[in-house]
Structures are given as structure tokens and as C-alpha cells.
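**Q** Dumping the structure here so I can ask a few things about it.
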Amino acid sequence: MSYRLLPLLLLAVFGIAVASDINYPLDAPAPDGRRPGGTLSQDLAAPKLSSTENKDIKRERNYPEQPPTIPHSIRGYHLDKNSNKCLSCHSRANSAITQAPMISITHYMDRDGQALAAVSPRRYFCNQCHVPQKDTPPLVGNSFKDIDTVLEQETSTPNRNP
Amino acid sequence: MKSLFAWLKGYWCTLRRPSLHFSLGFLTLGGFIAGIIFWGGFNTALEVTNTEQFCTSCHEMRDNVFAELKDTIHYSNRSGVRATCPDCHVPHKWTDKIARKMQASKEVWGKIFGTINTRDKFLAHRRELAEHEWKRLKANDSLECRNCHNFDFMDFTKQSKRAAKMHSTSLASGEATCIDCHKGIAHQLPSMSGVPGW
């Protein structure tokens, strides 16, 4: 008797064992990530795409260094090595004509703080940091409190360290 | 030279001689019907060259500019009204259309000799090609834009604040025309160095 068929046999036994154990969680609930609910094998519908907020009203920054978010739609704006549509309104020279906020002076500096004549190449691709916002509930909740709220809580709580 | 003249003279005599075998009615009616057929044929051929299908039958257009158009609002949008190549690139008025079609014979030349038959060649020519179109639209006050986007019927209250401001000042006063600001709305842009406003 040869042992050639042994692996096959073992596999068959394992298969039967798995198949007979109906409580085995093959279809486990999926981790609640961006699309909560459902199981691993289930396909849930993707959330609807919503349109970009286009109110042209500056939003509050959550902390002083936060890159301000874009308060308007940027559909179809080219931003590549050939052209930069953002700068046709927000650059130093053009912001006076369009009354759009001029990009920060830090964008005209190299990383050593030396002033440059034109926008620094490392700041050129605006939407690396600045992004438009959509009118949609956040996918992932968070408990961020801005510094004013934290300070207020600190000062209003009695019997804290001086 | 003399023989050529004599040869031409033979034809001229035939043309001048009254018809011997055909009646006047046959000649006038026949001429009229032949005219309809020829003109109809010419117009049909002209219309065929004025379709997106015709434009994208060449890979130069299909793989470069048409592929880029597909991302834009002039191809896909909420109401499904869309612009095809000739809507923006061929004037609608007959005389202007014929003038543009005659210019386009240079594009046939370019096709035969492969001026932009690779992606690299196309990119190298993009600024030049774009400048032709900017110049044309600037000269005719963005006529092809205005065939659909009529200034008189724009509702500024429905536009975003920035758009309304620009349209009610620069565009309304005629100081600027559509193409001055709206470059690269249907295709990608070449290097914009030195272009005013960029």
C-alpha cells in the first residue's frame, strides 16, 4: 500500500469536517469600516456621491496651521505641470484683479524661509493640502475639539492645577 | 502652347453650339435635377464630415482630444445635453463653415504626413494647435460658445457668486470673451507659460 493518496484523503476528510460543521462562521460580519453593516460576502450599495459645496464662504480652520479648505467647486480646473487654474485667481498678481484671497506668503518661500520670486515648486500643487468639501456626513466620526474649546474647559473646571 | 489653345478652342466651340439632339426642356429640367443631386450630394458629404464619428475615425483625435473630452462637462452632465466636436470647432453659418472646411484641408495634409500621429508629436504640437483655436474663438467673439451659451439669457442669480461677478462685469462690457477665461474646458492644456491670465 502506497501513501500517495494520503494527502487527498486527508483533504477530503477536512472538507467533510468543514462542510458538516454548519456553525462555522464562513460568512462573518464585516468590520464596520466605511460602509457599516453587512457580511464579508455581501455587496452593499456604495453611498451616493454628493455635490461639492459651492457657497464661496470661508470656513473656520480647526487649528491655526490648517490649510484652509476650498469653499467652491473646482470641477474642470487644470492643475498639472502645464497650468495651474488656482493661481489664475489666487496668485499675488491676480488676487487684486479677482479679489480672491492671495495664497499665503509662505508659498513664496523655499524651505529655509528664503523669499522666492514665484510660487515655490513644493507648494505648486494646491490640492495636496487644500481640498473642496462635500455636503455629506463624515464617514468616520471623531472627537476633535479645537483649542478654544479645550481652553474654555480647562479654565471653567474648578480645583485644577494653577 | 498653340496646340493647347486649339484643343481648348474645340471644347469652347462645342459649348457655344446650340444643342442638336436634346430639347431645351430636357436640358433645363435635366440640369435642374442634376443640380439638386450634385448639391444634395455635396451637402450630405459636408454633413458627414461634420460628425463626431467622422472626427474620431482617426486615432489622432480619438486617442488624444476625444479621450480628454470624456472627462468634462461637455461630454457628461446632469441633463444629458452634450457638445460634439463640430459644435465647437466648426462654425454653423454656411460661409464661415466653408471657410473653415477649406482651412481643414491642411489637417488632411497633416493626417497624410503624420504630423501628430504619435502621442509625443501631439504633445509637442499641442500649444500651437491650442493657440489656433484660441485665436479663432477670440476673433469671432467665442461664437461657438455663444451658439448655446447665450449671454442675454444668463440668470446671474443662478450662477455662483464668482461667476456672476465676472460675467456681469468683464463679459457684459465686451472687454473679455468666453475663451479669455475658459481655456481648456474640453481638453487638457499645453504649457501655459506666457498666456495672459495664467
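Derivation of every value follows stated rules applied to the coordinates shown; laboratory data play no part. Computed from a predicted model, the values in this text were never measured in an experiment. Cβ coordinates were reconstructed from backbone atoms using ideal geometry, including for glycine residues, and neighbour counts include every protein chain displayed.
**Q** Please list 3J(HN,Hα) in residue order for region A:123-129, calculated via the Karplus relation 6.51 cos²θ - 1.76 cosθ + 1.60 where θ = phi - 60°; whole Hz, with x for glycine and proline.
**A** Result, ordered by residue: 10, 5, 8, 3, 7, 5, 10 Hz.
**Q** What does the charge count around B:ARG100 come to, taking other residues whose C-beta lies under 12 Å from its C-beta (Lys +1, Arg +1, Asp -1, Glu -1)?
**A** +1
**Q** Between A:MET109 and residues 5 or more places away or on another chain, which pairs have amide H atoms under 5 Å apart, with H built 1.01 Å from N, and which residues are they?
**A** Residues meeting the amide H criterion: A:LEU116, A:SER120.
**Q** Another question about this same structure. With +1 on the Cβ of every Lys and Arg and -1 on the Cβ of every Asp and Glu, and nothing else charged, how large is the dipole of chain A about its Cα centre, in debye rounded to the nearest 20?
**A** Around 580 debye, computed over chain A.
**Q** Calculate one ³J(HN,Hα) per residue across region A:130-137 by plugging θ = phi - 60° into the Karplus curve 6.51 cos²θ - 1.76 cosθ + 1.60, and present them in order as whole Hz with x for glycine and proline.
**A** 9, 9, x, 10, 10, 7, 8, x
**Q** In addition: So if I take the alpha carbon set of region A:31-112, get Rg, then get Rh from the Kirkwood formula, what is the Rg over Rh ratio?
**A** Here Rg/Rh amounts to 1.14.
**Q** Still on this model: Cα convex hull of region A:51-155: how many Å³ per residue?
**A** Per-residue hull volume (Cα only) is 160 Å³.
**Q** What does the net charge come to around A:TYR108 if you take all other residues with beta carbon closer than 14 Å to its beta carbon, with K and R at +1 and D and E at -1?
**A** With Lys, Arg at +1 and Asp, Glu at -1, the neighbours total +2.
**Q** Sticking with this one: Of the options B:THR157, B:TRP94, B:ASN77, report the single residue whose Cα projects farthest towards the positive end of the charge dipole of region B:28-181 (beta-carbon charges: Lys, Arg +1; Asp, Glu -1).
**A** Projecting each Cα onto the dipole axis, the largest value belongs to B:THR157.
**Q** Å³ per residue of the Cα convex hull, for region B:28-181?
**A** 168 Å³
**Q** Long-range amide H contacts for A:ILE70: which residues qualify at under 5 Å (H placed 1.01 Å from N, peptide plane, sequence gap of 5 or more or a different chain)?
**A** Result for A:ILE70 returns A:VAL131, A:GLN133.
**Q** So, one more: Quick check: the distance between the Cα centres of region B:8-50 and region A:57-123, to the nearest angstrom?
**A** 66 Å
**Q** Answer rounded, prolate or oblate for region B:90-198, using the Cα gyration tensor with square roots of eigenvalues a ≥ b ≥ c: rounded when a/c is under 1.5, else prolate when a/b is larger than b/c, else oblate.
**A** Verdict is oblate for region B:90-198.
**Q** A follow-up question, please. Mind jotting down the three principal axis lengths of region A:104-151 based on Cα atoms? Whole angstrom, largest first.
**A** Result for region A:104-151: principal-axis Cα extents of 41, 29, 13 Å.
**Q** Using the Karplus equation 6.51 cos²θ - 1.76 cosθ + 1.60 (θ = phi - 60°), what ³J(HN,Hα) coupling, rounded to whole Hz, does each residue of region A:38-44 give in order, writing x for Gly and Pro?
**A** The phi angles translate into x, 10, 4, 8, 8, 9, 9 Hz.
**Q** What ranking of A:LYS48, B:LYS101 emerges when the number of other C-beta atoms within 10 Å of each C-beta is taken as an exposure proxy, fewest first?
**A** The order, fewest Cβ neighbours first, is A:LYS48, B:LYS101.
**Q** Let me check the size of region B:2-101 from its C-alpha atoms; what are the radius of gyration and Dmax in Å?
**A** 23.1, 70
**Q** Tally Lys and Arg at +1 and Asp and Glu at -1 over the other residues with C-beta under 12 Å from the C-beta of A:ASN82: what net charge comes out?
**A** Taking every Cβ under 12 Å from that of A:ASN82, the sum is +4.
**Q** Now for a separate question. Going by a ≥ b ≥ c, the root eigenvalues of the Cα gyration tensor, does the protein assembly as shown fall in the rounded group (a/c under 1.5), the prolate group (a/b larger than b/c) or the oblate group?
**A** oblate
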